[in-house]
Every structure is written in C-alpha cells, then in structure tokens.
Amino acid sequence: MSQVALTARASTTRPRRRSRSGATWGSPTTYVIATVLIAVCVAPVLYIIIGGFRTNAQITVNPSGWPDPWVLKNYADVLASPLFWQQFGNSVISAAATTIGTVALALMASFVIARYDFAGRNALYSLFAAGLMFPLTVAITPLYLLIKNLGLTDNLLGIILPQIAFALPTTVIILVPFLAAIPKELEEAAAIDGASKIGFFFRMVLPLSLPGVITTGILAFVNAWNSYMLPLFILNNAAMYTLPLGVQSFSSEHSVDTAAVLAFTSLSMIPALLFFSIFERRIVGGLTGAVKG
Amino acid sequence: MSESVTALPQRSSRSGSGRGAAKAAPRSDRARADWRKRFEIAILAGPAIAIFLAFVIFPVFMAAYYGFFKWKGFGAPTNFVGFQNYVTIFTDQNFLDALAHNGFILVMSLVMQGPAAVAFALLLNQNIRGRSLIRVLIFVPYVISEVIVGTGWSLMLQYQGALNDLLHNLGLGFLASDWIADPNVAIWTLMVIISWKYIGFAVILMLAGMQGIPDELYEAAAIDGASYWQIQRWITLPLLGPTIRVWAFLSIIGSLQLFDLVYIIWGQYVASTAGTSTMATYMVREGRLAGNYGYGNAVAVVIFVISLVIALTYQRFVLRRDTAGALTEKSDRKAA
C-alpha cells in the first residue's frame, strides 16, 4: 500500500520539487543524514525488541550484543500470561472507548461552533481553547478525589471519562476548521432537498470531515493507549491496569529478569505503532488543515 | 493551528444558512425553528460541555479550594490554613530545585529541538525515495508510551548497560558514565531522552506547516533563479514562523508539566537527588504519596499559575504577531 502511495506521490510532485531543490543538494548527503537520523530514532526501540530475544545470561555478559542464539521463550511467556492479555484488553477498551467518545462528542460540539449562529458561539470555542491551559498534571489530584467520590476507582470508566474530557480541546480545535470549510452551498442544497440541519450533519458533514475525524481519532487513540498519570492515580488493582501500568509493575517485579521485561515492553507497544504507521499520512494531512486554520 | 488556537476561524459568510426559507415563513414557524435550533445546539454541544466542565474545569477550581486546607483526603476538609501551604511551597528548597529544573528543561527543549526539527522537516519535505518510510520511522519515538521509553532507556543506560558496553567496545570507554544516577549528567540524559521522544511531534507540525506554503511562491523564486538555501531562508522559514511559534508554545507548556518520563526513570525518590525532579513529580511525591492532599492541591495551583502566566505572556508578546492583521477584528470578537 505504501509503495503505491509512494509512486503516486512521486509522479505528481516530482517536477516542482526538482526545480525547487537546486542541483547542489545531492541525494547522497540527504540519505546519509536521513539514515543517521533514523538510526538514532529507532535504535532504542530495536534494543527493546531485540533484547527480548536474548537470555538474561547473554544480556549480563554482553549488554550491547546481538541475540546468540535467538530465544523465543521470553515472548512466548508473555503471550501465555493471562495478566498480559487482561491488561491488553483493558488498554483496548480504554483507548477505543476514549477515541469513540472523544470524536463523537467533539464532532457534535464542533458542528455547533462551526455551523450554528448563536450568541454563545465564540464563548463556547474559547472555553474549549482555554482547555489547553488546563493540563492533566494540574487537575490530577482533585480529579482523583472526584473519581473516588464517584466510586469509579479501579474502574475503566474512571479513566475513560477524564481521557475524553482532556482530549476534547485539541480535537475541537482541529475539527472546527474542517467543518467550517464545508461550503455553505452544500448546506443550502441539502435544505432545499428537505434535509434538516441534523440530516445535513449525518449525510454531508460526517463524510466530508472524515480526514479531520481520522486525524483526531488517531491522536486520541494513541494518547489514551499511552496514558500513564491518570491510570496511575485511578487504577490500583493489577487486573484493572492498562498496559503502561502493567509494563511498569512488571518491570519492578521482575527487575532481575531483564529479558522478560524487554519482551513485555515490546509487545505492549505494538498496537500503537501499528495504528500510527497505517494512518501516519492522514495525521500530517489533518494537521495541515488545522495549521492553515 | 496558530490562528485557530487564538481565534475562531471564520466561515466565509456568517449569515445563517438554511434560514433563508424561514424568513418568508409565518411568525409562529420562525419561533418554532428558533426553539428547534436551541434544542439542537443543546443536544449536540451539551454532552461535550458537561463532560469537559466536570472533569477538566471543575477539578482545577477544586484544587484552588483544597489548597487552603491541611487535609489528608478523608471527609470534608476542615483545617483551614490560609496561605500556609503556599508559604511552605516557596520556602521548600526541593520545590525551588524542581522549579529550576523545569526552567532548564523548558529552555533546553526549545534550543535543542527547534532547529533540529526545522532541519529534519526540510529534509523530509523533499521528494526523496523512501520518504514515507522515513517519516513513519521518525515518529516512532513519539508514538510509543512514556513508560516504554522510560523502561527501555533506563535499562540501556544502566552503568552495566548497553550504552556503556558499546562505548567500551568502540574504545570510547572513558566516556562511559553513570547516566542516570550521576547528578552532573542526569539532567542532560533527561534532555536527550526528551528530545528523542518529542522531536517527532515537532517534525510533524513543521511538515504540516511547510505543506501549507503555496507552491506558487517556490515557483516564482525558482524562476527568479534563487538557490535552494535562499528559497528556504527567505520563503520557507518566514512562512513557517507561525508554526514554529505554536510548536514553541506547546513545548513550553509540556516542559512545565513534565511528569511521566522523570517519574518512570528516576522514581519518586531518586529524582531530587539526581537533580531531575520537576514540579509535577514534587507534587505527586509530597501530595498523593505523602497523603497530604491539601498540600498537593496547593502545588497543583502553583504549577497552574506559573504555566498560565508564562502562556499568557507568550501569547501576548509572541503569538500576537501571527494575529496582528486580525487584531481589530479579534478584539471585538473577544475570542482568546
């Protein structure tokens, strides 16, 4: 898929870019820099993944060595552990529910901000924009008390609801320009054809804002998948842990079993990595719209 | 994102669409349409507003309230102590150290990541084979969680770990050091890890900003015979200004709130002796872990106020340039 996209892109943009990059900017230099850059970015991740294929003895004797021989036991042990799958499932539920909730609520609110004329419209936008100033770090202590009073500690709902709330500001800010950019004529045409504003929302707005929805959805998913501070406060029972907490408790419990820690860690990062690499192009596309405002 | 952060993007026409028909209709119909509109607004925006107020805004105000009490978190707070918590915070050397670390991280993040991110984005904005793959790989550190980054790096940077071993094998053994525990080195280790983790996000933003620059400008410059570097210097950089300033804004806020990486790598107790504690790790350690919820909330308020003052100052003096043209329009819209 990426190969097809790559060639398609190359054929459309080549003439312009070539004239833009002077003859002095030779490809070899570019590739050397790019290779070094990638090596730096990827090496620590590879250390984790490859380290999981070694034994503790190998790691102790030769910390920076290659697996010799490659052992699958660490990964097999993690994959056979019910706790890993339990925490994996918790992460999936938390991330999926957060993503759906965030996108649905933000899309509805952005639709109101972008397409309705009413007195509080700017105030509503400012409210969400101001949310960028209210980060989780500041709210976490009282938020924990609030969740405790609601009886939602050790409950995935106790992290999903705040995650949605904290994802709303960025999501709304990215989505509003998308919805505002839908031509007025489409809305009028829909009205003439008898569609209500709500009908317009479902028939036209949803499909047309899909790029923005996908971008914000991925960001919400990845952030929820990686969320650490909130689960740290809210979830105390290992069976309710999401994977980041699981990784941390596993690595402190098995601090001598480095190989197992590396295997557990690398298995827990795969879903977010897959999700992101499939949709990477969409993210840059979605942000382009937002940056241009 | 720059304009949209500070001001609501406008539709081309603000006259209500779909209500042209309603104008000709009888009065009762119009009133009914008005009610219908209000109902739709409430249904559509209500849930988002409710959840946002309940879980974002309300807790911050509660923090301000709890911060005036000496309180262990059980029952209602009764032991009102006024500003004593705040006095304690600002006389505690541990907090002042943490604040200094946050300041250092803030400045160094801008200095280390900004130029590098622009350079990498320039590199990746070219039409080179394999660009998609390079872009995905560069974003890998950004996508994996802080816990994984922290766990992986701390194993790698142990004194008996992979990095020191690698340095020995390369004959650079004299460079080996106790990357995490040595107070002279630890904060630089943290800076390297932070830069590694977050530069992908900066590059995404810069790339998005570069793709928003109209092609015509590049074509015109090329026709005028400008070299690649001249084009980047006089077209890309100035037009990328708004994106860079928004990125810097997000980076500043992130530096002030830094928690996860430090807490995971250095734990709650080692951070202060290694010289990497931040205001947020101080807050969790002295608040939640010590059971002093009143005090923890007061620290949260301090973090919030410091962040807010820096953010508003930045918006006033730096981001204002990006909305200078729309300033008059902005002031009567009161969209901040």
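Bear in mind that the values in this text are calculations on the coordinates, not laboratory data. In this text the structure is predicted, and so the values were computed from the model without any measurement. Cβ atoms come from the backbone with ideal geometry, glycine included; neighbour counts cover every protein chain shown.
Angle, helix A:82-115 long axis vs. longest principal axis of chain A, Cα atoms, 0 to 90°, nearest 10?
20
If I histogram all Cα-Cα distances within the protein assembly as shown using bins 20 Å wide from 0, what percent of pairs lands in each bin?
18, 50, 28, 3, 0
Run the numbers on chain A and let me know its relative contact order in percent, using alpha-carbon pairs under 8 Å that are six or more apart. Don't jump to the answer; show the numbers that get you there.
Values: 278 pairs, mean separation 84.1, N = 293.
So the answer I get is 29 percent.
How would B:Ser28, B:Ser109 line up from fewest to most surrounding beta-carbon atoms within 10 angstrom?
In increasing order of surrounding Cβ atoms, one gets B:Ser28, B:Ser109.
Computed over the Cα atoms of the stretch A:60-100, what is the convex hull's projected area averaged over all directions, in nm²?
Details: hull surface 18.4 nm².
Approximately 4.6 nm², given one-decimal rounding.
Using a Förster radius of 35 Å, what is the FRET efficiency between B:Leu289 and A:Ala76 based on their Cβ-Cβ separation? Nearest 0.05, please.
Working: r = 36 Å, r/R0 = 1.04.
Given R0 = 35 Å and the Cβ-Cβ separation, E is 0.45.
For every helix of n ≥ 4 consecutive DSSP H residues, a contribution of -39,500 (n - 2.57) applies; sum these over chain B, divide by its total residues, and give [θ] at 222 nm rounded to the nearest 500 deg cm²/dmol.
On the way: 18 runs with 229 residues, N = 336.
About -21500 deg cm²/dmol.
If you count, for every residue in A:124-134, the Cβ atoms of partner chains within 10 Å of its Cβ, what is the mean?
Values: counts 5, 7, 7, 6, 5, 7, 4, 4, 5, 8, 8.
Rounded to a whole number, the mean comes out at 6.
Given a Förster distance of 35 Å, report the FRET efficiency between B:Ala42 and A:Asn149 from their Cβ-Cβ distance, rounded to the nearest 0.05. Intermediate values should be presented prior to the final figure.
On the way: r = 27 Å, r/R0 = 0.77.
Working from the Cβ atoms, E equals 0.85.
Just how many % of Cα pairs in the stretch B:93-333 lie over 25 Å apart, if you round to the nearest whole percent?
Values: 15655 of 28920 pairs.
Above the 25 Å cut-off, the stretch B:93-333 has 54 percent of its Cα pairs.
For chain A, find the longest principal axis of its Cα atoms and tell me its angle to the long axis of helix A:2-20, 0 to 90°, nearest 10.
Taking Cα atoms only, the helix is inclined about 70 degrees.
Using 7 Å Cα-to-Cβ label points, what is the A:Ile270/A:Ala123 separation (nm, one decimal)?
5.1
For B:Asn169 and A:Leu208, what is the calculated FRET efficiency with R₀ set at 56 Å and r taken between the beta-carbons, to the nearest 0.05? Let's see the in-between values first.
Values: r = 57 Å, r/R0 = 1.01.
With R0 = 56 Å, the Cβ-Cβ based efficiency is 0.50.
Place the peptides A:78-86, A:169-177, A:227-235 in order of packing, highest mean first, counting for every residue the other Cβ atoms within 10 Å and averaging per peptide.
Working: A:78-86: 14.1, A:169-177: 24.9, A:227-235: 23.3.
Result, highest mean Cβ count within 10 Å first: A:169-177, A:227-235, A:78-86.
Is there a simple number for the mean count of other chain Cβ atoms within 10 Å of the Cβ of residues in A:205-216, and what is it?
On the way: counts 0, 0, 0, 0, 0, 0, 0, 0, 0, 0, 0, 0.
For peptide A:205-216, the averaged partner shielding equals 0.
Across 5 Å bins from 0, what is the distribution of all Cα-Cα pair distances for the stretch B:220-272, in whole percents?
Using 5 Å bins, I get a P(r) of 4, 16, 14, 11, 10, 9, 8, 8, 8, 6, 3, 2, 0 for the stretch B:220-272.
Given the peptides B:123-129, B:150-156, arrange them by the average over their residues of other C-beta atoms within 10 Å, most packed first.
Values: B:123-129: 17.7, B:150-156: 23.7.
With the highest mean Cβ count within 10 Å placed first, the list reads B:150-156, B:123-129.
Quick check for me: using +1 on Lys/Arg Cβ and -1 on Asp/Glu Cβ, what's the dipole size of chain B about its Cα centre, in debye to the nearest 20? Don't jump to the answer; show the numbers that get you there.
On the way: 26 positive and 19 negative charges, 353 e Å.
So the magnitude is around 1700 debye.
So what's the back-of-envelope 222 nm ellipticity for chain A, counting only DSSP H runs of four-plus at -39500 (n - 2.57) apiece and dividing by all residues, rounded to 500? Don't jump to the answer; show the numbers that get you there.
On the way: 14 runs with 222 residues, N = 293.
The helix-only estimate for chain A comes to -25000 deg cm²/dmol at 222 nm.
Against the longest principal axis of chain A, how steep is helix A:258-292, in degrees 0 to 90 to the nearest 10, with axes from Cα atoms?
Roughly 20 degrees between the two axes.
Lysine pairs, Cα distance under 25 Å, 8 or more residues apart or cross-chain: how many in the protein assembly as shown?
Eligible lysine pairs with Cα atoms under 25 Å apart amount to 14.
Hey, rough spin-label estimate for A:Leu186 and B:Gln160, points 7 angstrom out along Cα→Cβ, what's it come to in nanometres?
6.2
When Cβ neighbours within 10 Å are restricted to other protein chains, what is their mean count per residue of peptide A:152-161? Spell out each step's value before the answer.
Values: counts 0, 0, 0, 0, 0, 0, 0, 0, 0, 3.
Rounded to a whole number, the mean comes out at 0.
Averaging over all projection directions, find the projected area of the Cα convex hull of the stretch A:108-217 and quote it in nm² with one decimal place. Can you show the working numbers first?
On the way: hull surface 33.9 nm².
Mean shadow area of the hull around the Cα atoms is 8.5 nm².
Residues in the stretch A:144-171 near a label at A:Asn236, defined as backbone nitrogen under 19 Å from the 7 Å Cα→Cβ point?
Hits in the stretch A:144-171 for A:Asn236 at 19 Å: A:144-160.
Compute the projected area of the convex hull of the Cα atoms of chain A, averaged over all viewing directions, and report it in nm² to one decimal place. All intermediate terms of the calculation are to be shown ahead of the outcome.
Numbers: hull surface 86.4 nm².
Computing the convex hull of the Cα atoms and averaging its projections yields 21.6 nm².
Using modelled backbone amide H atoms (1.01 Å from N, in-plane), which distant-in-sequence or interchain residues come within less than 5 Å of B:Phe69's amide H?
Here the answer is B:Val81, since their amide H atoms fall under 5 Å of that of B:Phe69.
If I model a spin label at B:Leu133 and B:Asn79 as a point 7 Å from the Cα along the Cα→Cβ vector, what separation in nanometres do I get?
Label-label distance for B:Leu133 and B:Asn79, simple model: 6.3 nm.
Can you list which of the DSSP-assigned H helices in chain B have a Cα extent of 15 Å or more along the long axis and an average Kyte-Doolittle score of at least 1.0?
Working: long enough: B:27-52 (37 Å, -0.09); B:93-124 (45 Å, 1.34); B:146-157 (16 Å, 1.31); B:186-211 (38 Å, 1.67); B:237-257 (29 Å, 1.24); B:260-274 (17 Å, 0.83); B:293-317 (36 Å, 1.42).
Counting only whole DSSP H runs, the qualifying helices are B:93-124, B:146-157, B:186-211, B:237-257, B:293-317.
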